[in-house]
Protein chains: 2
Amino acid sequence: MGGDHGPGVTLSGVSLVLAHRSDVNFLLVGDEAVLQPLVDADAKLGASCQILHADVQVSMDAKPSQALRSGRRHSGMWKAVEALKSGEADVTVSAGNTGALMAMSKVLLKMMPGIERPAIAAIWPTLRDRSVILDVGATIGADADQLVDFAVMGEAMSRSLFGIARPTVGLLNVGVEEIKGNGQVKEAGAVLRDSVLPIEYAGFIEGDDIGQGKVDVVVTEGFSGNIALKTAEGTAKQIGSYLRTTMNRNIFCKLGYLLAKSGFDALRKKMDPRTMNGGVFLGLNGIVVKSHGGTDAVGFAHALDLGIDMAQAGMISRIARDIDRAHQQRENSEIPLAAAGGG
Amino acid sequence: MGGDHGPGVTLSGVSLVLAHRSDVNFLLVGDEAVLQPLVDADAKLGASCQILHADVQVSMDAKPSQALRSGRRHSGMWKAVEALKSGEADVTVSAGNTGALMAMSKVLLKMMPGIERPAIAAIWPTLRDRSVILDVGATIGADADQLVDFAVMGEAMSRSLFGIARPTVGLLNVGVEEIKGNGQVKEAGAVLRDSVLPIEYAGFIEGDDIGQGKVDVVVTEGFSGNIALKTAEGTAKQIGSYLRTTMNRNIFCKLGYLLAKSGFDALRKKMDPRTMNGGVFLGLNGIVVKSHGGTDAVGFAHALDLGIDMAQAGMISRIARDIDRAHQQRENSEIPLAAAGGG
């Protein structure tokens, strides 16, 4: 347990969650010798946390195949996902190695019936509010059928997490016209447009539409989704750096900054990447949330809250029901998938 | 001639260029009845501009195939590219329909020997300075060989345009480890890493590295490149909107803004998308620059300057030489492309 900064950070994150949620219990998986004193030192932690000892920690740079091989059953990550599988836990949150976490989740939880490939969904702050974007890196080169499944799962996540009755779904593309894009996107667009799926499909969207909040759910394959997410993060950092230089430019700018400090504080809060921390593994029989490894207690608490919200909303059973219905409807539809160019 | 706003804007752009460059002559292609009075009204324009009459204007929403069919030889766009082909012009700049401009450029100018597919290169402002990114939308799903050609062309553009002796080249990917990414990126990475090409290959980069200026040339296929570019534009717009809201938040913020106005003006100038206007078509026997259709005179002037700079640097012959050498070296190399996984 711990991510880049060790269990001190994650336990502080747990404390932050317990400060506003009293109905949650935590199973801390890691080295008991390290965790027990930390828990004992805090009455609130003591009352809500159980410790599950694990000898081994998966290293941050281990390849997924390595993590799966050597002594995997003794690692904290394996035991944490196992607790989710057995029903002991309702959600697993980890700040560890993403590839290893995904590999163990697939082995232990298995894919949902009918889902071929997992997706990682992220929350994207927009001018309207927040959107769900998937996949941001689990399935490189998803095909049309997989993109359609991502649309169904992302829509269910948006409903569960944000309580939006009819979330709009857009396919990320290089243009909004039907002829634009690669084969997979065009095929998935045709299926979503023509199909009987109960999805509010809004058509193709472009990269600059994401931050405007044009749709509630942005669907894309993992390569371009990962690049979109990281490019947006990089651009935000870049502009933040420009802004700091600007406000230190001369004495007037420095004074102006002090005067407007309440505004800048609000802006910093709004752009705080910690408030969007947490990648959600979708398509598995269980909710696994990957926290950024380098985040702090506030960021880790956000990932925990995200996982708890989804568990309390019964997201997995919603997704399973929606996927099942979507596959049945596509099979029964008068417009078979093959005719729409899928495959 | 004219883009979204008509020839008034483009002619004002020409005037802006003539204000700091006296050694350039312009061939204005469009409706003589409209252009002649505008040119006659300005002595400087009159001295440096010739008009080439065209009856037809390619509409902004025409499909490339349509633009190539109906009366294409009478359109201003066709005639402008034809002037480049004949040597009458050294560079063609258009604010018109991108797809039609690319289609006509391919038909008239032809691809350079050995180049299969064109790329559109854009200039990306970074914390270090500026980078070249290609392809941002011409070749959806470029294969490994095409990505390697893009690397060679982008590197030559960076040397020609920015005078960088040894530009660094990175391949955009979802991680920096060799095992990351799709097949095309992995293959292209293997070729660039192992090959004898005189390119300063810096390995894989991620989306957030672009704005930090980690490399001088960012290579990617058109789908993800277009999404990266537009996502960055959208994020910049989004943060600009947050910033405006922030500075209007209360009287202190408003006063702070007024005090720091010199800084905000500098920031606005730094983030002005007009200063990065102009997509460069690469891989053709001639320099074609696509200006944003909706830009103003300042933005169009930047696209003109970009084209003139590349023409004066002899960029096309540099690219042709580099591509020729690169292909010969790859053929003669002890590590044949096939062994590196290319094809």
Regarding A:Ala142, is this residue in contact (Cβ under 8 Å) with a residue 24 or more places away in the chain and either more than 14 Å from chain B (Cβ to nearest Cβ) or of a type in the set (S, T, N, Q) (or both)?
-> no
Check on B:Gly99, touching a Pro at 6+ places or on another chain (Cβ under 8 Å), farther than 30 Å from B:Ser48 by Cβ and modelled with pLDDT under 95 = yes
Restricting attention to the stretch B:15-62, and to residues there that are surrounded by fewer than 16 Cβ atoms within 10 Å (Cβ to Cβ) and acidic (Asp, Glu), which single residue is nearest to the chain's Cα centre (by Cα)?
-> B:Asp61
Any idea which of B:Gly211, B:Gly225, B:Gly279 is within 23 Å of B:Gly183 (Cα to Cα) and either surrounded by 23 or more Cβ atoms within 10 Å (Cβ to Cβ) or of a type in the set (D, E, K, R) (or both)?
-> B:Gly225
Please note which helices (runs of 4 or more DSSP H) are completely contained in the stretch A:21-134 and include at least 1 residues that are among the basic types (Lys, Arg).
-> A:43-48, A:64-69, A:76-85, A:98-109
Please find, among B:Gly181, B:Gly114, B:Gly163, B:Gly141, the residue that is buried (at least 18 other Cβ atoms within 10 Å of the Cβ), on the phi > 0 side of the Ramachandran plot and at pLDDT below 95.
-> B:Gly181
Within the stretch A:281-308, track down each residue that is assigned to a helix (DSSP H, G or I) and farther than 19 Å from A:Ser105 by Cβ.
-> A:Ala297, A:Val298, A:Gly299, A:Ala301, A:His302, A:Asp305
Condition set of a type in the set (Ser, Thr, Tyr) and under 24 Å from the mean Cα position of the chain (by Cα), scope the stretch B:226-263, selection farthest from B:Thr139 (Cα to Cα): answer is B:Thr235
Before we move on, is A:Gly299 within 14 Å of another protein chain (Cβ to nearest Cβ) and either under 30 Å from A:Ile239 (Cβ atoms) or free of Cβ contacts under 8 Å to residues at least 24 places away in the same chain (or both)?
-> no
Look at A:Gly294 and say whether it is farther than 30 Å from A:Met77 by Cα, more than 7 Å from chain B (Cβ to nearest Cβ) and surrounded by fewer than 23 Cβ atoms within 10 Å (Cβ to Cβ).
-> no
Determine whether the stretch B:245-262 contains at least one residue that is modelled with pLDDT of 90 or more and more than 29 Å from A:Arg244 (Cβ to Cβ).
-> no
Any residue in the stretch B:318-339 that is within 14 Å of another protein chain (Cβ to nearest Cβ) and surrounded by fewer than 22 Cβ atoms within 10 Å (Cβ to Cβ)?
-> no
Would you say A:Val132 is over 17 Å from the mean Cα position of the chain (by Cα) and away from chain B (no Cβ under 12 Å)?
-> no
Could you pull out every one of the helices (runs of 4 or more DSSP H) wholly within the stretch A:158-272 that has 2 or more residues that are more than 11 Å from chain B (Cβ to nearest Cβ)?
-> A:183-194
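The values are calculated or read from the model by the stated rules, or taken from the named source; none is laboratory data. Not measured: the values here are computed from a predicted model. As a convention, Cβ positions derive from the backbone with ideal geometry for all residues, glycine included, and neighbour counts pool all protein chains shown.
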